[in-house]
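S.K.: Quick one: this structure, given as structure tokens, is what I'll be asking you about.
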Amino acid sequence: MKYAAGIDVGSTQTKCIIIDENKQIVARALTDTGANITRAGERGYEAVLAAGGIAREDVLCVVGTGYGRFKVSFGDLQITEITCHAKGASMLFPETSTVIDMGGQDAKGISVQNGEVVDFVMNDKCAAGTGRFLSTAAETLGLALDEIGALSLQARNPVRLSTVCTVFVESDIMSYVAQGKKIEDILGGIHSAIAARTIALVRRVGLKPSYTFTGGVSLNIGMVKMLEEKLGAPLNVSPDSHYMGAIGAAVFALEHALSATTAS
Amino acid sequence: MTETHYQGKLHHLQKELMSEYYSALTASANGSGVPAAYLLIGGNPVELLRAFDILPVFPEVNALQLAVRKQSLPFIQSAEFMGYSSDNCAYVKADIGMYFGGRQTPFATIPEPSLLLCNYVGCNVYLDWFGHLAEFTGQSAFQLDIPFIRSASGKPSKEDIDYVLRQLHHLIGRCEEITGRKLNEEKLREAVRLSSLTGDLWSKIKHLTKRTPAPYDAYFDSVTMMAPLYCLRGTPQGLEFFETAYAELLAKAEAGIGPLEKERFRYVIEGPPPWPHLRAFRDMFSRWDAVAVASTYSTVGGLWEFGFTHDPDRPLESIARHLLEWNLTNRNFLQRYEQIERYLEEWNANALIIHSVKSCRLFSAGQGDMREYFTKRGVPTLLVESDLEDPRYFSEAQMRNRIDAFFESIAHRPTREGVKV
């Protein structure tokens, strides 16, 4: 069996995927990117090869994506994560028209047709509305990042935040804590504010179902529900949504390898 | 990766002539006795100054030269230390910082102005800029009030033209006071005649990029030609530069030579370049074999390619028309759309790139709508943002990500004509 790999070196985490010739995911690996981006790609690749028990020589092609894509020096191609998220989302959910991606430091809206990017928008140099905002909020409340989503669903009277700024949200949260507001109501307000901001961003490429939610924040059930409520439509979410960029990169890698074989 | 290394005759001549121009500025600063006028690029009436042998000084050109040489930030910071806001136009801050830094730049010592000619009303910040310069230099600012183009036809009314003409007569009076000389009408006509010939050549150069491949990049190479267009227009040297440039670029066009080895994408670009990161920005397009075939920025000082020419028989009226009608900054938004549409159609471009400037909200306002307007018409359009002067606003990784993703997306999709690019 031959394989193809996708390596998504993101700002916070490096996601690696190996697929087989039938586009089935056979291995995944998640590692922290850290300060050494060159090393992050290599480390992630070693981890995914080990996870799948796959030898390097059986991998036909490797595609790097994410901010660190140019540091995947052993890769055959570099493709942006925007194109890769569209590709990955369309593989897992072929009906996808809009991808909503919320990662560690950016949020994106991607309009997709037949797996290809029609248009996209991203947040600018500001972490409002990204995973970083949620992790700051969790930290301020003394909670783990993976518990805030479920807690936010218990909100009865969500607070209204005065900011979506990742820095200023701390003082907003502290003032609500001081007022004696319930943690779940504060979390409900946080998720509501971020969902609204994200939808406003994605609206610029058009809100067209079916929606696929990708990136690390797609693991947050509170955000999934809040986006669905505000969109009035269900979101496609997979346990592998976090890996979507790497999945797309792996599909590109496989297509590239197959076209090279055909050409030769 | 394709990189751009093109340095033709015109680039060398530009360096030589601009160096002479800057030497004249330094000489004026050191007491040569030649008076200097500060004025703005938008529709600049430089011919009138030529008639009085007044040196034109463009604070915008000085500011961008500082940015290209990566010298702008200390001046910006010293202006911020004085109290200018971080959101303020970075051209203004670099200029004010430079003024208080003794007017010393790596390319010239900028002379004190004998005339502050604020010839552009499109920007209220520019009014304040020249107002501040008036306070700092002790010179009063001469405000040329140029009415915006308000009509759907895009033409100024007779009253608009008369209004500007009356002001030009006042300006002549001011120049006569400064120089102690009456207007030499023959000299004015000669400057306008030289501008007319220069403008015609510039227009022909602009039309050369209709060819495939385009013989030069209408954004990154046009900026090389824009400094002589403003600083040397209306002089024999300015005309010589454009004769050389046209001959060289025509020869390239005839030989089928472009600035890149291969021309894969042809795009139109709106907005000024990120001067402090010009090379990095250019390479982001070059690696996609993408060439700008038209740019709106190169029409800020004047729009010649759609038929404008100075008329030596009616020198003041043609200067007035240049100020009113034939420069990008005084045109309304629908005219800006129309200009881009013409470029897309007639220059056969596949895409539109909008580079929005953070510290210029006035010019950048409406570019979000512009993106929507062209996207809805099936033109692949990318809006990116940084700054024209402040290096801190440029995030290379984010900029590259957007540009790469944009070209990845159009590489796979048919254009509005249904043809794959």
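S.K.: Does any residue of the stretch B:267-284 turn out to be within 19 Å of B:Leu344 (Cα to Cα), over 17 Å from the mean Cα position of the chain (by Cα), touching a residue at least 40 places away in the same chain (Cβ under 8 Å) and outside any helix (DSSP H, G or I)?
M.R.: Yes, there is a match, as at least one residue in the stretch B:267-284 is within 19 Å of B:Leu344 (Cα to Cα), over 17 Å from the mean Cα position of the chain (by Cα), touching a residue at least 40 places away in the same chain (Cβ under 8 Å) and outside any helix (DSSP H, G or I).
Listed here are the residues, each with its yes/no results for (1) within 26 Å of B:Ala227 (Cα to Cα); (2) of a type in the set (A, V, I, L, M); (3) surrounded by 19 or more Cβ atoms within 10 Å (Cβ to Cβ).
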position: B:Phe130; (1), (2), (3): yes, no, yes
position: B:Lys155; (1), (2), (3): no, no, no
position: B:Lys182; (1), (2), (3): no, no, no
position: B:Arg193; (1), (2), (3): yes, no, no
position: B:Ser196; (1), (2), (3): yes, no, yes
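S.K.: Kindly indicate whether B:Glu261 is at pLDDT below 95 and of a type in the set (D, E, K, R).
M.R.: Yes, satisfied.
S.K.: Which condition breaks for A:Gln113 when tested against (1) more than 14 Å from every other protein chain (Cβ to nearest Cβ); (2) surrounded by fewer than 21 Cβ atoms within 10 Å (Cβ to Cβ); (3) over 18 Å from the mean Cα position of the chain (by Cα)?
M.R.: (1) is the only condition that A:Gln113 fails.
S.K.: So which of B:Pro215, B:Pro236 is touching a helix residue (DSSP H, G or I) at 6+ places or on another chain (Cβ under 9 Å) and within 24 Å of B:Val46 (Cα to Cα)?
M.R.: B:Pro236
S.K.: Within the stretch A:1-66, considering only strands (runs of 3 or more DSSP E) that don't extend past its boundaries, which have at least 1 residues that are surrounded by fewer than 23 Cβ atoms within 10 Å (Cβ to Cβ)?
M.R.: In the stretch A:1-66, the matching strands (runs of 3 or more DSSP E) lie at A:13-20, A:25-32, A:59-65.
S.K.: When you scan the stretch B:339-360, do you find a residue that is assigned to a helix (DSSP H, G or I), closer than 24 Å to B:Trp202 by Cβ and at pLDDT below 95, even just one?
M.R.: Looking for residues that are assigned to a helix (DSSP H, G or I), closer than 24 Å to B:Trp202 by Cβ and at pLDDT below 95, one finds none in the stretch B:339-360, hence no.
S.K.: State all residues of the stretch B:289-320 that are surrounded by fewer than 24 Cβ atoms within 10 Å (Cβ to Cβ) and in contact with a strand residue (DSSP E or B) (Cβ under 6 Å, 6 or more places away or on another chain); if no residue qualifies, say none.
M.R.: B:Thr296
S.K.: Return the residue satisfying two criteria in turn: it lies in the stretch B:192-216 and is hydrophobic (A, V, I, L, M, F, W, C) and under 20 Å from the mean Cα position of the chain (by Cα), and of such residues it is farthest from B:Gly33 (Cα to Cα).
M.R.: Here the residue is B:Leu208.
S.K.: Would you mind stating whether A:Val217 is buried (at least 24 other Cβ atoms within 10 Å of the Cβ) and in the same structural domain as A:Val169 (by TED's automatic domain parsing)?
M.R.: For A:Val217, the condition - buried (at least 24 other Cβ atoms within 10 Å of the Cβ) and in the same structural domain as A:Val169 (by TED's automatic domain parsing) - is met.
S.K.: Of the conditions (1) at pLDDT below 95; (2) under 18 Å from the mean Cα position of the chain (by Cα), B:Lys155 clears all except one; give me its number.
M.R.: Status for B:Lys155: all satisfied but (2).
S.K.: Related question: With the structure loaded, tell me whether B:Gly368 is more than 18 Å from the chain's Cα centre (by Cα), modelled with pLDDT under 95, over 22 Å from B:Glu60 (Cβ atoms) and part of a helix (DSSP H, G or I) or whether it fails that test.
M.R.: Yes: the conditions hold for B:Gly368.
S.K.: Please state which of the following conditions A:Ser111 fails to meet, knowing it meets all the rest: (1) of a type in the set (Gly, Ala, Ser); (2) without any contact (Cβ under 8 Å) to a residue 24 or more places away in the chain; (3) not in a helix (DSSP H, G or I).
M.R.: (2)
S.K.: Only one of these conditions is not met by A:Gly142: (1) on the phi > 0 side of the Ramachandran plot; (2) assigned to a strand (DSSP E or B). Which number is it?
M.R.: Exception for A:Gly142: condition (2).
S.K.: Considering only helices (runs of 4 or more DSSP H) fully contained in the stretch B:56-105, which possess at least 1 residues that are more than 24 Å from B:Asn44 (Cβ to Cβ)?
M.R.: Passing ranges, in order: B:72-82, B:90-100.
S.K.: Would you check if A:Ala253 is of a type in the set (A, V, I, L, M, F, W, C) and farther than 28 Å from A:Val48 by Cα?
M.R.: So A:Ala253 does not fit the description; no.
S.K.: Taking the stated definitions as given, is A:Leu207 out of contact with any Gly (no Cβ under 8 Å at 6 or more places or on another chain) and surrounded by 15 or more Cβ atoms within 10 Å (Cβ to Cβ)?
M.R.: yes
S.K.: Right, next: Return the residue satisfying two criteria in turn: it lies in the stretch A:141-165 and is more than 14 Å from A:Ile186 (Cα to Cα) and either crowded, with 20+ Cβ neighbours inside 10 Å or at pLDDT 85 or above (or both), and of such residues it is nearest to the other protein chains (Cβ to nearest Cβ).
M.R.: Result: A:Leu145.
S.K.: I would also like to ask the following. Counting just the residues of the stretch A:84-98 that are away from every other protein chain (no Cβ under 12 Å) and either under 30 Å from A:Phe168 (Cβ atoms) or of a type in the set (D, E, K, R) (or both), which one comes out surrounded by the most Cβ atoms within 10 Å (Cβ to Cβ)?
M.R.: A:Thr98
S.K.: Only one of (1) at pLDDT below 90; (2) buried (at least 19 other Cβ atoms within 10 Å of the Cβ); (3) within 14 Å of chain B (Cβ to nearest Cβ) is not met by A:Val118, so which one is it?
M.R.: Unmet condition: (1).
S.K.: Would a scan of the stretch A:190-208 turn up a residue that is within 14 Å of another protein chain (Cβ to nearest Cβ), small (Gly, Ala, Ser) and in a loop (DSSP other than H, G, I, E, B)?
M.R.: Yes.
S.K.: Scanning the stretch A:123-140 for residues that are buried (at least 19 other Cβ atoms within 10 Å of the Cβ) and within 14 Å of chain B (Cβ to nearest Cβ), which turns out nearest to A:Ser171 (Cα to Cα)?
M.R.: So the residue we want is A:Ala127.
S.K.: Looking only at residues that are in contact (Cβ under 8 Å) with a residue 60 or more places away in the chain and crowded, with 23+ Cβ neighbours inside 10 Å in the stretch B:97-117, which one is farthest from B:Trp275 (Cα to Cα)?
M.R.: Of everything passing the filter in the stretch B:97-117, B:Leu115 is farthest from B:Trp275 (Cα to Cα).
S.K.: Pairs only if they're at least six apart or on different chains, beta carbon under 6 angstrom, first in the stretch B:76-96 and buried (at least 24 other Cβ atoms within 10 Å of the Cβ), second part of a loop (DSSP other than H, G, I, E, B) and acidic (Asp, Glu); list them, first residue then second.
M.R.: Note: pairs meeting the criteria are B:Ile76/B:Asp390; B:Ala90/B:Asp387; B:Ala90/B:Glu389; B:Ala90/B:Asp390; B:Tyr91/B:Glu389; B:Ala94/B:Glu389.
S.K.: Tally up the residues in the stretch A:33-82 that are of a type in the set (Ser, Thr, Tyr), away from every other protein chain (no Cβ under 12 Å) and in contact (Cβ under 8 Å) with a residue 40 or more places away in the chain, please.
M.R.: So the answer is 1.
S.K.: Moving to a separate point now. Determine which single condition B:Asp404 fails, assuming it passes every other condition in (1) at the interface with another protein chain (Cβ under 9 Å from one of its Cβ atoms); (2) at pLDDT 95 or above; (3) not in a helix (DSSP H, G or I).
M.R.: Unmet condition: (3).
The values are calculated or read from the model by the stated rules, or taken from the named source; none is laboratory data. Fair warning: this is a prediction, and the values are worked out from it, not measured in the lab. So basically every Cβ, Gly included, is an ideal-geometry build from the backbone, and we count neighbours across all protein chains shown.
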